[in-house]
Amino acid sequence: EKHHPIPDASPVEVLRALMEANNLRQKDLVPIFGSEGIVSEVLHRKRDLNKGHIEKLSKRFHVSPAVFF
């Protein structure tokens with residue numbers, strides 16, 4: 001939040017903002033989610049982020065896990 005303030009947003013909106021800020025595409029998140037299909041389901045709100053996803057995303061983007069709740 002210090003470098004890129006993120007207003008109140010859904011977890012998917014936060015993820016999309018972080019992806020955009022870091023010039024990442026869906027396939028760049030496969031190591032976190034395990035497959036491009038799961039990344040797609042999360043980004044299209046067909047699947048919720050789980051605890052493991054949130055832990056890996058917070059480490060990848062250097063943000064508090066709380067931003068995904």
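Each reported figure results from applying straightforward, stated rules to the coordinates on display, with no laboratory input. Computed from a predicted model, the values in this text were never measured in an experiment. Neighbour counts run over all protein chains shown; Cβ positions are idealised from the backbone, glycine included.
Things to note:
- Span-like helix check, the chain: no full DSSP H segment qualifies, none having both a Cα axial length of 30 Å or more and a mean Kyte-Doolittle of 1.6 or more.
- Relative contact order (%) - criterion: Cα under 8 Å, at least six apart; region: the chain: 36
- Seen from all directions on average, segment 27-69 presents a Cα convex hull projection of 2.8 nm².
- Evaluated over the chain, the count of Lys pairs having alpha-carbon atoms less than 23 Å apart is 8 (only pairs 8 or more residues apart or interchain).
- Inter-probe distance in nm under a simple model that places probes 7 Å from Cα toward Cβ, at Lys51 and Val30: 2.8
- Computed helical MRE - 222 nm, the chain, DSSP H runs ≥ 4 contributing -39500 (n - 2.57), nearest 500: -13500 deg cm²/dmol
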